[in-house]
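**Student:** Just dropping this structure here.
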Amino acid sequence: MKKTLVFLVLIFIYQASFSQTDVTENEIKAHILFLASEQNAGRYPGTKANRDVVNYIIKDFKVHGLLPLEKNYQQKFKARLRVAQGEPEKSLAKTCNVAAFLEGNDPILKHEYIILGAHYDHLGMGGPSSKFDKKNTIHYGADDNASGIATLLEIAEKVAANKKRLKRSVIFIAFGAEEQGLLGSQYFVDNPLVPLSQIKLMINMDMIGRLNEANHVYMNGAGTFPGGVEFMQQLGDSLRLTPIVHAGSVGGSDHVSFFKKDISVLGIHTGAHPQYHRPEDTVDLINISGQKQVSDYIYKALMTFTATEYKMAFIPQE
Ligand SMILES: [Zn+2]
């Protein structure tokens, strides 16, 4: 009787620990609620809120056993902030990228890196990139891009729990100052923490929280690596998603900085909406179960590229 009880307790502990490392709707929601909170006021570069978000990301990476690429998880840089035409320039804002990694286990392939990235900054109280005409209103950026960071953290946690399976190494990057002109990713490729030639693919997530009823997931750049278009299409179909896959059309977010350095990229999003760059981009409009589905899709793709010998090579695109 006692033995049975011990056995049942062990099973329970095993299952509890397993479900925790999985991507869950609750965790996705909790991350977005924090990132897109009143307190974090739109995550504008150089503000305390921006630093609080950085600390939140670092803490999460640490808890799940991801290592910094150098001494520190932060790659600091100074951002020139956008101002409206005719307005005086602002002083440079101190901000950073947050980068962490998991080492692969294959003696040769571990020197190759796959990057999963998302930007964590947003528009703060508005500014020249806002589509809203009243000044000084919090732009929460729940979809843009609290959604991407939530999935970045959830996938990092799950990959860490499966790190024994990795052949290639994986780098997770939360980019700063994307909304100011892809500044964080530009700084990273100009000051790379690993040789650029060893980065075999950069997957970027920007606005992945608004999966529509037709389950459309949009991708660009899938033709920049061998078999990318077919692979992303078939994997999506098998997960009851409807991928809209473009071989080229690389644009819109941080993966562009990598593509310009002849690195294979994949930019993923769930589509534009009327709340884009407006204060109404809030948590209540996020399709949490849809985002979980998209996260599982990206996780499976990432594991195929890192835990197998999937052939990687840069293929130029228009
Ligand atoms: Zn964005």
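The values are calculated or read from the model by the stated rules, or taken from the named source; none is laboratory data. Everything numeric in this text was worked out from a predicted model, so none of it was measured. As a convention, Cβ positions derive from the backbone with ideal geometry for all residues, glycine included, and neighbour counts pool all protein chains shown.
**Student:** Scan 257, 295 and give me the residue that is of a type in the set (Gly, Ala, Ser) and either touching an Asp or Glu at 6+ places or on another chain (Cβ under 7 Å) or within 22 Å of residue 215 (Cβ to Cβ) (or both).
**Tutor:** Just a single option satisfies the conditions, and that option is 295.
**Student:** Inspect all residues belonging to the stretch 106-126 and state whether any of them is over 30 Å from residue 26 (Cβ atoms) and within 16 Å of the ligand (Cβ to nearest atom).
**Tutor:** yes
**Student:** Condition first: touching a Ser or Thr at 6+ places or on another chain (Cβ under 7 Å) and among the basic types (Lys, Arg). Now tell me which residues in the stretch 156-196 satisfy that.
**Tutor:** 158, 167, 168
**Student:** Another question, if that's okay. Could you tell me whether residue 58 is in contact with a Lys or Arg (Cβ under 6 Å, 6 or more places away or on another chain) and touching a residue at least 12 places away in the same chain (Cβ under 8 Å)?
**Tutor:** no
**Student:** Can you tell me which residue in the stretch 115-151 is modelled with the lowest pLDDT, limited to those that are among the hydrophobic types (A, V, I, L, M, F, W, C) and surrounded by fewer than 24 Cβ atoms within 10 Å (Cβ to Cβ)?
**Tutor:** 132
**Student:** Next question, about the same structure. Could you grab the pairs with beta carbons closer than 6 Å, sequence gap of 6+ or different chains, first residue in the stretch 136-161 and more than 13 Å from residue 174 (Cβ to Cβ) and of a type in the set (A, V, I, L, M), second one more than 13 Å from the ligand (Cβ to nearest atom) and part of a helix (DSSP H, G or I)?
**Tutor:** 142/32; 142/283; 161/21
Condition check ((1) out of contact with any Lys or Arg (no Cβ under 7 Å at 6 or more places or on another chain); (2) of a type in the set (Asp, Glu); (3) within 16 Å of the ligand (Cβ to nearest atom); (4) closer than 30 Å to residue 39 by Cα) across all residues:
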position: 104; (1), (2), (3), (4): no, no, no, no
position: 145; (1), (2), (3), (4): yes, no, yes, yes
position: 157; (1), (2), (3), (4): yes, yes, no, yes
position: 163; (1), (2), (3), (4): yes, no, no, no
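**Student:** Mind counting the residues in the stretch 160-195 that are in a helix (DSSP H, G or I) and either closer than 23 Å to residue 251 by Cα or in contact with a helix residue (DSSP H, G or I) (Cβ under 7 Å, 6 or more places away or on another chain) (or both)?
**Tutor:** Of the residues in the stretch 160-195, 10 are in a helix (DSSP H, G or I) and either closer than 23 Å to residue 251 by Cα or in contact with a helix residue (DSSP H, G or I) (Cβ under 7 Å, 6 or more places away or on another chain) (or both).
**Student:** Consider residue 33 carefully, then state whether it is within 24 Å of residue 291 (Cα to Cα) and at pLDDT 95 or above.
**Tutor:** Considered against the rule, which asks whether it is within 24 Å of residue 291 (Cα to Cα) and at pLDDT 95 or above, residue 33 comes out as yes.
**Student:** Determine the pairs where a residue that is surrounded by fewer than 18 Cβ atoms within 10 Å (Cβ to Cβ), located within the stretch 226-237, has a partner that is among the charged types (D, E, K, R) with Cβ atoms under 9 Å apart, the partner being 6 or more residues away or on another chain.
**Tutor:** Every condition considered, the pairs that remain are 226/311; 227/311; 235/300.
**Student:** Which one of these does residue 285 not meet: (1) within 16 Å of the ligand (Cβ to nearest atom); (2) under 19 Å from residue 119 (Cα atoms)?
**Tutor:** Among (1) within 16 Å of the ligand (Cβ to nearest atom); (2) under 19 Å from residue 119 (Cα atoms), the lone unmet condition for residue 285 is (2).
**Student:** Looking at (1) among the β-branched types (Val, Ile, Thr); (2) modelled with pLDDT of 95 or more; (3) buried (at least 17 other Cβ atoms within 10 Å of the Cβ), which is the only condition residue 304 fails?
**Tutor:** Result: residue 304 passes all but (3).
**Student:** Taking the stated definitions as given, is residue 276 at pLDDT below 95, under 30 Å from residue 126 (Cβ atoms) and either of a type in the set (Val, Ile, Thr) or under 19 Å from the mean Cα position of the chain (by Cα) (or both)?
**Tutor:** When the stated conditions are applied, residue 276 passes them.
Yes or no, residue by residue, for (1) at pLDDT below 95; (2) more than 12 Å from the ligand (Cβ to nearest atom); (3) farther than 20 Å from residue 60 by Cβ:
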residue	(1), (2), (3)
153	no, yes, no
160	no, yes, no
166	no, yes, no
173	no, yes, no
186	no, yes, yes
192	no, yes, yes
204	no, no, no
